[in-house]
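Chemist: My structure is below; once you've seen it, I'll send some questions.
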Amino acid sequence: LVQIGERAFSGCTSLCRAVFEDGKLQAISERAFEGCTALSEVVFPERLTLIGKWAFVGCVALTDLRFPDSLLTIDEGAFSDCTGLVTLELPQALQVLGSDSFMRCTSLERVMLPKSVRNMGWSIFGSCRNLQTIRYAGTVSEWRSIFKCGKWHEGAGRVEVACSDGTIYDEYHP
């Protein structure tokens, strides 16, 4: 199995765990686990490179995500409305955070972001009203060079971005 298909488990409200044994799985497709409201644990395989659009939207019971180092892209809306997430550590190889990828994760407080990220889409942390801190592995200069949509954290308020050489504050002003 190389890919979990579109809407494969969408709406499976009694699904509690998704464990992928190390194998050939490289992608989780669009809306694959959408609305799996009891899903509290996902164990991603080591070869995974893509989490597709809206793949885990509305999985409100997810509290902890451990991504494999191979993950390159978290696509549009992939974890939107996952209101149980408090802390998020993104993998070292990650390059793209699609628009709305963690939108309305209202319990999210802290994000650890690797310096490999090159593109941050529209409203990735939109309406994450409890988001306080992003710990970025790169420098302030590298943070400023990431392509970020101007509204990447719309509705989140003032966010501390702690970089390896200093701290800056990024506040969204509508």
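The values are calculated or read from the model by the stated rules, or taken from the named source; none is laboratory data. This structure is a prediction, so every number in the text was calculated from the model and none was measured. We place every Cβ from the backbone using ideal geometry, glycine too, and count neighbours over all the protein chains shown. In case anyone asks, the SASA skips ligands and DNA or RNA and just uses the protein heavy atoms, side chains included. Shrake-Rupley method; radii C 1.70, N 1.55, O 1.52, S 1.80 Å.
Chemist: Can you name every residue in segment 13-41 that is open to solvent by less than 50 Å² (accessible area, probe 1.4 Å), hydrophobic (A, V, I, L, M, F, W, C) and farther than 15 Å from P68 by Cβ?
Modeler: The answer is L15, A32, F33, C36, A38, L39.
Chemist: Could you tell me whether segment 110-117 includes any residue that is outside any strand (DSSP E or B), more than 23 Å from G35 (Cα to Cα) and open to solvent by less than 10 Å² (accessible area, probe 1.4 Å)?
Modeler: yes
Chemist: Select from segment 24-77 the residues that are in contact with a Gly (Cβ under 7 Å, 6 or more places away or on another chain) and modelled with pLDDT under 95 and write down the one among them that is farthest from C105 (Cα to Cα).
Modeler: P45
Chemist: So which residues in segment 147-171 are open to solvent by less than 20 Å² (accessible area, probe 1.4 Å), assigned to a loop (DSSP other than H, G, I, E, B) and either farther than 17 Å from D100 by Cβ or small (G, A, S) (or both)?
Modeler: Correct list: A156 only.
Chemist: Is segment 119-127 home to any residue that is aromatic (F, W, Y), touching a residue at least 12 places away in the same chain (Cβ under 8 Å), open to solvent by 10 Å² or more (accessible area, probe 1.4 Å) and in a loop (DSSP other than H, G, I, E, B)?
Modeler: Yes, there is a match, as at least one residue in segment 119-127 is aromatic (F, W, Y), touching a residue at least 12 places away in the same chain (Cβ under 8 Å), open to solvent by 10 Å² or more (accessible area, probe 1.4 Å) and in a loop (DSSP other than H, G, I, E, B).
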